[in-house]
Amino acid sequence: MKNNLLKVNAMKKFAKWLDTNRVHTELWDMYNPIGKIYEGLERRQQRADDRDRFCRIRSRQRISWKDTYSRLGQFIKAELLLKYIKHRYSR
């Protein structure tokens, strides 16, 4: 078992990463490809791609992650993790 995921701050960061949104297609055309905002959009898109890849692999391995192939399932899983974190923090 990985002990680093048992830490509250690491679990919060994981839940926030799991709830990252993709970049809307209209935003790509609004900003200059050389600017800082465009680089931020690329980083957010990369995080979303990494999250999707992680959830695809995890949904094949674990039964409890079967619903995370969709964005709604990922949001629900992040909310469940945050609920668990708050409950654990209150103990």
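The values are calculated or read from the model by the stated rules, or taken from the named source; none is laboratory data. Owing to the predicted nature of the structure, the values given are computational and were not obtained by experimental measurement. Here the Cβ positions follow ideal geometry from the backbone for every residue, glycine too, while neighbour counts run over all protein chains shown.
Of the helices (runs of 4 or more DSSP H) lying entirely inside segment 1-73, those carrying at least 2 residues that are at pLDDT 90 or above and more than 19 Å from residue 84 (Cβ to Cβ) are 36-61. Restricted to segment 23-50, and to residues there that are of a type in the set (A, V, I, L, M, F, W, C) and free of Cβ contacts under 8 Å to residues at least 24 places away in the same chain, the residue that is nearest to residue 69 (Cα to Cα) is 41. For segment 48-74, a tally of residues being loosely packed, with under 14 Cβ neighbours inside 10 Å and within 22 Å of residue 9 (Cα to Cα) returns 1.
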